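Trainee: Quick one: structure below, then a few questions.
The values are calculated or read from the model by the stated rules, or taken from the named source; none is laboratory data. For clarity, every value in this text was computed on a predicted model and none was experimentally measured. Reconstructed Cβ throughout: ideal geometry from the backbone, glycine too, with neighbour counts over all protein chains shown.
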Amino acid sequence: MTGELNQPITGFDLWHLEVPVVSRRDHGVGTVADVCETIVLRLTSEGGAEGFGEAAAWAVFTGSPEASYAALDRYLRPLVLGQPAGHIGRFMADAERAVAHCTEAKAALETALLDLCGRIVGVPVWALLGGKCRDTIPLSCSLADPDFDADLRLVDRLRADGVNIVKLKTGVKDHRFDMMRLERLRSDHPDLCVRVDYNQGLGPEDAEARLRDVARLAPDFIEQPVRADQYALMARLRHAVEVPLLADESVFGPEDMLRAASEGICDGVAVKIMKAGGLRRAQRVAEIAAAAGLTAYGGDMFETGLAHMAGAQMIAATPAIKLGCEFYQARYYLQEDILETPFPVSDGAVVVPDGPGLGVVPAPDALERFARRSPAREMA
Ligand SMILES: [Mg+2]
């Protein structure tokens with residue numbers, strides 16, 4: 001059966017989607033409202049098997065959806081078309097050389113290749129990434145609605161669904177708003193795990209004083225309080241505040257993780273396939289963190305259930321990611337997900353599927369309905 005991995009890739013199709021969201025969300029680094037923009041890639045093999053991947057780009061964080069689309073369309077397509085489906089290692093090495101950055105496009109390519117090969121040989125993506133270490137992944141949901149009453153209603157819904165981890169997005173409005181929300185969550189839900197994420201929202205002049213206030217309320221951790229490139233300040237804050245400090249925007253790939261560990265900027269890291277440039281590079285980020293004695297959770301960008309599932313498959317095969325995942329958008333933020341079946345969440349945890357490939361597929365009608373660009377429209 002593995003001989004079938006030599007069948008050539010014959011189809012490479014792209015969709016630029018605008019998927020409506022339920023509300024506005026404010027983050028230290030920027031705001032999302034109305035729609036989540038994302039790119040979907042479909043690879044087809046000569047035998048008719050298909051593999052899907054998603055490039056979830058956020059312009060203020062990783063890069064733009066237009067850049068992801070162009071990277072896939074112009075620079076990554078020629079690397080794989082006509083080539084044997086199973087040569088993933090070579091494709092991803094070539095992708096690093098073919099176009100700089102564009103990590104979301106590379107994540108989409110690797111996801112689609114793994115999905116395709118998993119379907120050809122009949123195994124799940126987690127089996128191609130080293131094998132399963134967990135069946136479920138605890139789910140965390142972020143709170144970033146400018147209307148805090150709406151977030152409190154969301155927390156009630158989350159708790160009813162068994163979700164016991166939330167992450168409060170801070171550093172957008174003033175410090176009093178952040179402290180009020182944190183105190184309210186603590187008093188209304190004393191047993192809830194609460195994490196705090198500034199998304200680079202603080203300046204060097206007030207970061208330490210604000211973090212000391214927040215630390216009094218003992219969140220699980222505080223994430224990325226200051227700008228991504230301020231490594232020395234991150235290291236100073238880490239020692240000034242009792243609560244663990246996590247790096248997100250400061251650490252994209254394994255190379256950043258090595259530097260972050262050696263400069264002591266964090267106690268843990270947000271591992272994201274969109275930052276790392278693929279599932280296996282994301283695994284490497286987590287493994288370097290673990291080797292340095294640091295912890296990790298599985299984060300995401302603004303994405304659909306398709307990219308969530310790529311992340312879930314990666315975490316299912318990565319023991320070093322111990323703090324759960326944030327794949328909540330498909331269920332709690334998009335008005336409607338693009339997957340044919342609901343993104344699998346049960347009792348507050350993502351359930352890792354055992355079916356071939358990713359174990360999920362996008363619904364063709366959803367791809368067309370949400371498309372700003374699609375193969376059908378390019379033909380028209
Ligand atoms: Mg973050």
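Trainee: Out of LEU339, LEU367, LEU323, LEU334, which single residue is not assigned by TED's automatic domain parsing to the domain that holds GLU287 and not small (Gly, Ala, Ser)?
Mentor: That would be LEU367, the only listed residue that is not assigned by TED's automatic domain parsing to the domain that holds GLU287 and not small (Gly, Ala, Ser).
Trainee: Follow-up. List the number of the failed condition for MET314; all other conditions in (1) aliphatic (A, V, I, L, M); (2) in a helix (DSSP H, G or I); (3) more than 26 Å from ARG97 (Cα to Cα); (4) in contact with a Lys or Arg (Cβ under 9 Å, 6 or more places away or on another chain) hold.
Mentor: So the condition that MET314 fails would be (3).
Trainee: I need a count of the residues in the stretch 157-171 that are away from the ligand (no atom under 13 Å from the Cβ), surrounded by 15 or more Cβ atoms within 10 Å (Cβ to Cβ) and either in a strand (DSSP E or B) or under 22 Å from the mean Cα position of the chain (by Cα) (or both). Before you say what the answer is, go through the steps one by one.
Mentor: First pass over the stretch 157-171, keeping only residues away from the ligand (no atom under 13 Å from the Cβ): 157-166.
Within this subset, residues satisfying the condition of being surrounded by 15 or more Cβ atoms within 10 Å (Cβ to Cβ) are 158-159, 161, 163-166.
Cutting the leftovers down to either in a strand (DSSP E or B) or under 22 Å from the mean Cα position of the chain (by Cα) (or both) gives us 158, 161, 163-166.
Qualifying residue count for the region: 6.
Trainee: Report yes if GLU255 is within 20 Å of the chain's Cα centre (by Cα), farther than 30 Å from PRO344 by Cβ, among the acidic types (Asp, Glu) and assigned to a helix (DSSP H, G or I), otherwise no. Steps first, answer last, please.
Mentor: Numbers: within 20 Å of the chain's Cα centre (by Cα): yes; farther than 30 Å from PRO344 by Cβ: yes; among the acidic types (Asp, Glu): yes; assigned to a helix (DSSP H, G or I): yes.
So GLU255 fits the description; yes.
Trainee: Additional query: If you take the residues of the stretch 76-99 that are under 18 Å from GLU378 (Cβ atoms) and surrounded by fewer than 22 Cβ atoms within 10 Å (Cβ to Cβ), which of them is nearest to the chain's Cα centre (by Cα)? Walk me through it before giving the result.
Mentor: In the first step, residues of the stretch 76-99 are kept if they are under 18 Å from GLU378 (Cβ atoms); the result is 76-78, 81.
Next, only the ones that are surrounded by fewer than 22 Cβ atoms within 10 Å (Cβ to Cβ) stay: 77-78, 81.
Numbers: ARG77: 23, PRO78: 26, LEU81: 27 Å.
Checked the stretch 76-99; the qualifying residue nearest to the chain's Cα centre (by Cα) is ARG77.
Trainee: Report, by residue number, each residue of the stretch 240-280 that is within 19 Å of GLU54 (Cα to Cα) and touching a residue at least 60 places away in the same chain (Cβ under 8 Å).
Mentor: PHE252, GLY253, ILE273, MET274, LYS275, ALA276, GLY277, GLY278, LEU279, ARG280
Trainee: Something else now. Being among the small types (Gly, Ala, Ser), out of contact with any helix residue (DSSP H, G or I) (no Cβ under 7 Å at 6 or more places or on another chain) and surrounded by 17 or more Cβ atoms within 10 Å (Cβ to Cβ) narrows it down to one residue among ALA49, ALA33, ALA67; which is it? Explain how you work it out, then say what you get.
Mentor: Numbers: ALA49 fails: out of contact with any helix residue (DSSP H, G or I) (no Cβ under 7 Å at 6 or more places or on another chain); ALA33 fails: surrounded by 17 or more Cβ atoms within 10 Å (Cβ to Cβ).
Of the residues listed, the single one that is among the small types (Gly, Ala, Ser), out of contact with any helix residue (DSSP H, G or I) (no Cβ under 7 Å at 6 or more places or on another chain) and surrounded by 17 or more Cβ atoms within 10 Å (Cβ to Cβ) is ALA67.
Trainee: Please give the number of the condition GLY47 fails out of (1) small (Gly, Ala, Ser); (2) within 16 Å of the ligand (Cβ to nearest atom); (3) touching an Asp or Glu at 6+ places or on another chain (Cβ under 8 Å).
Mentor: Answer for GLY47: the failing condition is (2).
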